[in-house]
Amino acid sequence: MAKKRKTMTSRERVITALEHKEPDRVPISMSITIDAYNNLKRYLGIELEEDLKVGRWTDVPIHPLVAEKFGLDVIWLRMGSPHKKPPQPKDPNKWIDEWGVEWTKTPRPGGGYYYEMTNPPLKDATIEDLEDYPWPDPYDPGRVEGLREYFRHIHEDTEFAILTKFGGAIFEQAWYLRGMERFFMDLIEAPDFVHALLDKICQVQMGLDEVGIEAAGEYVDILRLSGEDLGTQEGPMISLPMFRRLIRPYMEKLWRFAKKKLLEKNPGAKIMLHSCGSVRWVIPDWIEMGLDILDPIQPKAKGMDPFQLKADFGDKLSFHGGIDAQYILPFGTVEEVRQYTRKYIQALAPGGGYIVAPVHNVQGDVPPENLVAMRDAVEEFGYYPINL
């Protein structure tokens, strides 16, 4: 059989898929942690010196040369860092983010490390304390220094679709600040405090989206609305009525603000939400709130069957992710990765509306052979028309 050929650029492929049309081939995307990234570069034979800036989840940006050689269609770009930073602890294994949350470097079994939240700064705060808290300044000039120029360079000098995040979470940021147990108690016992806290967070995140979009919005194809994990592997983290009463008003305010601003700069751009776990219960609300793309479609979570999700929501929602990171990528064989990727293409790709990707930042225990097997499966099974 003759090898199928690409007829689109990566950006055209992604844009076509997100318009619920069939491109030449299913697009592919990936985010990755530092150990997995270095392993992949070695496996691909790429010698590239980089000053890697590790994110809070030990994730790193993928260099365009690596993205091109691997075969990605989407490249993830970051916003700049603020000039003003909080005082840092003397312990080299700890750092404080701009929200005042303490993170501790924690070794992982078998090598590598992760950052864990270890001291929520608002655990004992009152509503009055929120007024005097040193909230991040969205308008710090460091955030956008060189941002427009770099995004324009990637847009004009490469064929990648650009995915980025400027603002961040509402729900998750609240329990980062308060501590998960205390915040979940607040949802029942202190709704006034919850409203006050979420409003403060929302204002900061709106400011971040505003400055990022103003600086480089015309080059953004996908704006990630950050992580808002509302599901465990077995079911919802909170009830739907509680979500609608306490969380949705602020989340929706942020989303609609960001989407309006983004579409003024780039009418074809889309917004994407990352939410792990069993979240089927809240998808209809998210669609009402203007969501375009759902990530990551966690395979082992209850209710996240890809065939059913496509049947029920595929005309209104695109999907990003799906390739299991709990077993298949770290522990599966190359053939298991191949067949698993094939299954998700079969489930989610017909009619467009799907970008193949691992369900989370690729961790250090994932063999590079398995990442290449995922990519090769897209080349083998991902050309349209999908007929598997």
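Rounded, prolate or oblate, given the Cα gyration tensor of segment 79-140, with a/c below 1.5 counting as rounded?
oblate
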With a 10 Å cut-off between alpha carbons and a GNM built on the chain, which of Tyr344, Tyr37, Tyr133 moves the most? Tyr133
What does the helix-only formula give at 222 nm for the chain: each DSSP H stretch with n ≥ 4 adding -39500 (n - 2.57), the total divided by the residues, and the result rounded to the nearest 500 deg cm²/dmol? -12000 deg cm²/dmol
Classify segment 19-92 as rounded, prolate or oblate, taking a ≥ b ≥ c as the square roots of the eigenvalues of its Cα gyration tensor: rounded when a/c is under 1.5, otherwise prolate if a/b is larger than b/c and oblate if not. oblate
Beta bridge orientation in segment 10-381: antiparallel %, DSSP, nearest 5: 35 percent
From the cross-link list Lys165/Lys265; Lys41/Lys69; Lys53/Lys84; Lys259/Lys302; Lys6/Lys69; Lys69/Lys300, the entries with a Cα-Cα span beyond 19 Å are Lys259/Lys302; Lys69/Lys300
Per residue and in cubic angstrom, what volume does the convex hull of the Cα atoms of the chain have? 141 Å³
Over the chain, with a Gaussian network built from C-alpha contacts below 10 Å, which listed residue (His360, His83, His320) shows the highest mean-square fluctuation? His83
Please build a GNM for the chain, connecting alpha carbons under 10 Å apart, and tell me which residue among Gln308, Gln203, Gln173 fluctuates the most. Gln308
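Provide the three semi-axes, in whole Å and in decreasing order, of the ellipsoid equivalent to segment 242-286 as defined by the square roots of 5 times the Cα gyration tensor eigenvalues.
With the √(5λ) rule applied to segment 242-286, the semi-axes are 23, 14, 7 Å.
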Please report the relative contact order for segment 211-366, taking Cα pairs under 8 Å with a sequence separation of at least 6, and give it as a percent rounded to a whole number. 22 percent
Expressed in angstrom and rounded, the centroid-to-centroid distance over alpha carbons for segment 40-54 and segment 271-338 is 29 Å
Roughly speaking, what is the centre-to-centre gap between segment 165-219 and segment 93-162 when only Cα atoms are used, to the nearest Å? 13 Å
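Tell me whether segment 96-218 comes out rounded, prolate or oblate; compute the Cα gyration tensor, take square roots of the eigenvalues as a ≥ b ≥ c, and use a/c under 1.5 as the rounded threshold. Working shown, then result.
On the way: a/c = 2.48, a/b = 1.48, b/c = 1.67.
The shape class here is oblate.
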Rounded to whole Hz, the Karplus (6.51, -1.76, 1.60) HN-Hα couplings of segment 138-153, x for glycine and proline: x, 9, 4, x, x, 5, 10, 5, x, 5, 4, 5, 6, 4, 5, 4
Given the candidates His153, Ser275, Tyr354, the one whose Cα lies deepest towards the positive end of the charge dipole of segment 10-381, counting +1 at each Lys or Arg C-beta and -1 at each Asp or Glu C-beta, is Tyr354
If I take every Cα pair under 8 Å that is 6 or more residues apart in the chain, average their sequence separation and divide by the length, what percent do I get for the relative contact order? 21 percent
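To the nearest 20 Debye, how big is the dipole of the chain about its Cα centre, given +1 on the beta carbon of each Lys and Arg and -1 on that of each Asp and Glu?
The calculated dipole for the chain is roughly 860 debye.
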All-pairs alpha carbon distance profile, segment 157-297, 10 Å steps from 0, percent: 12, 43, 33, 11, 2, 0
Here the equivalent ellipsoid of segment 263-312, derived from its Cα gyration tensor, has semi-axes (largest first, whole Å) of 23, 11, 10
For segment 298-388, what D do you get in µm² per second when you plug the Kirkwood radius from alpha-carbon pairs into Stokes-Einstein at 10 °C and 1.306 mPa s? 120 µm²/s
Just grab the label-to-label distance for Thr118 and Arg5, each label 7 Å out from Cα along the Cβ direction, in nm (one decimal). 5.7 nm
Mean Cβ neighbour count within 10 Å, used as a protection proxy, ranking 234-241, 253-260, 54-61, 159-166 highest first: 159-166, 253-260, 54-61, 234-241
Which of Gly168, Tyr114, Tyr37 sits farthest toward the positive end of the charge dipole of the chain, with +1 on the Cβ of Lys and Arg and -1 on the Cβ of Asp and Glu? Tyr37
Starting from the 7 Å offset along Cα-to-Cβ, what nm value, one decimal, do you get for the label separation of Leu263 and Asp192? 3.8 nm
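Here, each number is a calculation from the coordinates, and none is a lab measurement. Quick caveat: nothing in here was measured; it's all calculated off a predicted structure. Here Cβ is always computed from backbone atoms with ideal geometry, including for glycine, and neighbour counts include all displayed protein chains.
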